[in-house]
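K.L.:
Structure in structure tokens, see below.
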Amino acid sequence: MSHVVHARIGSQDFHTQIQVGPHKLAADEPLDLGGRDLGPKPDELAAAALGACTAITLRMYAGRKGWPLEGVEVALEVIEEGGKRSVRRRITFQGPLSAEQRTRLRQIADACPVHKMLTQGTVVETTVEE
């Protein structure tokens with residue numbers, strides 16, 4: 001299975017148009033970095049992908065189990081310290097879940113495909129078209 005994402009940028013500033021199938025997104029840099037702040041920074045888009053994937057994975061798992069998960073909120077903070085980047089993820093569950101269910105859902109959060117892609121290493125092969 002493969003997915004094609006197109007990102008296009010012009011000759012000025014950093015506003016980048018992204019297309020994923022029929023969906024259109026934008027990325028940019030903030031004003032203080034020379035952008036026009038017309039979209040999230042690329043690392044924020046990566047964090048957003050992790051948040052969405054985490055929430056979807058938890059919803060799917062709880063649904064299959066028939067657990068009373070009424071909602072999930074995933075808050076992510078991208079942290080840059082000492083030349084290293086990390087992501088702090090905080091998950092809040094809504095619904096009358098047992099302690100065991102909450103513990104299992106916490107474990108399942110790490111099974112989302114984007115989490116695996118970010119933590120288990122992904123090969124990026126680059127070619128240049130003329």
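K.L.:
Calculate how steeply helix 99-109 sits against the longest principal axis of the alpha-carbon atoms of the chain, using the helix alpha-carbon long axis, and give the answer as 0 to 90 degrees to the nearest 10.
P.N.:
On a 0 to 90 degree scale, this one is about 20.
K.L.:
I would also like to ask the following. Could you check the spin-label model distance between Leu45 and Arg88? Points 7 Å from the Cα along Cα→Cβ, value in nm.
P.N.:
With each label placed 7 Å out from Cα toward Cβ, I get 2.6 nm.
K.L.:
Using the Karplus equation 6.51 cos²θ - 1.76 cosθ + 1.60 (θ = phi - 60°), what ³J(HN,Hα) coupling, rounded to whole Hz, does each residue of the stretch 13-20 give in order, writing x for Gly and Pro?
P.N.:
Values per residue, Gly and Pro as x: 6, 10, 4, 10, 9, 10, 10, 10 Hz.
K.L.:
Work from the charge dipole of the chain (Cβ charges, +1 for Lys and Arg, -1 for Asp and Glu, about the Cα centre) and give the residue of Trp67, Leu45, His6 farthest towards its positive end.
P.N.:
So the residue furthest toward the plus end is Trp67.
K.L.:
Let me ask something else about it. Find which of Thr92, Cys112, Leu76 sits farthest along the positive direction of the dipole of the stretch 41-130, computed with +1 on the beta-carbon of Lys and Arg, -1 on that of Asp and Glu, about the Cα centre.
P.N.:
Thr92
K.L.:
Could you calculate the FRET efficiency of Thr127 with Arg59 from 1/(1 + (r/R0)^6), where r is the beta carbon distance between them and R0 is 30 Å, rounded to 0.05?
P.N.:
Efficiency, rounded to the nearest 0.05: 0.25.
K.L.:
Can you give me the angle between helix 42-65 and the longest principal axis of the chain, using Cα atoms only, in degrees from 0 to 90, rounded to the nearest 10?
P.N.:
Tilt relative to the chain: about 30 degrees.
K.L.:
Take the Cα atoms of the chain, find their three principal axes, and give me the spread along each one in whole Å, biggest first.
P.N.:
Extents along the principal axes: 54, 35, 28 Å.
K.L.:
Using Cβ contacts closer than 10 Å as the measure, can you line up Lys84, Lys41, Lys116 from fewest to most?
P.N.:
By the 10 Å Cβ count, ascending: Lys84, Lys116, Lys41.
K.L.:
Right, another one. For the chain, give the magnitude of the charge dipole about the Cα centre (Cβ charges: +1 Lys/Arg, -1 Asp/Glu; no others), in debye to the nearest 20. Write down the numbers at each step before the final one.
P.N.:
Values: 16 positive and 17 negative charges, 176 e Å.
Roughly 840 debye for the chain.
K.L.:
Can I ask one more? Grab the beta carbon distance between Gln19 and Glu81, set R0 = 35 Å, and tell me the FRET efficiency rounded to 0.05. Walk me through the numbers on the way to the answer.
P.N.:
Details: r = 34 Å, r/R0 = 0.96.
Efficiency at R0 = 35 Å is approximately 0.55.
K.L.:
Can you list residues from other chains, or at least 5 along the same chain, whose modelled amide H is less than 5 Å from the amide H of Gly39?
P.N.:
Here the answer is Asp28, since their amide H atoms fall under 5 Å of that of Gly39.
K.L.:
Please report how many Lys pairs in the chain have alpha carbons closer than 28 angstrom, counting only residues at least 8 apart along the chain or sitting on separate chains. Could the numbers behind the result be given before it?
P.N.:
Numbers: Lys24/Lys41; Lys24/Lys116; Lys41/Lys84; Lys41/Lys116; Lys65/Lys116; Lys84/Lys116.
Step by step, the pairs that qualify in the chain add up to 6.
K.L.:
Which of Asp32, Asp110 comes first, and how do the rest follow, when ranked by fewest Cβ neighbours within 10 Å?
P.N.:
Least crowded to most crowded, the residues run Asp32, Asp110.
Each reported figure results from applying straightforward, stated rules to the coordinates on display, with no laboratory input. For clarity, every value in this text was computed on a predicted model and none was experimentally measured. FYI the Cβ positions are ideal-geometry reconstructions off the backbone, even for glycines, and counts take in every protein chain you see.
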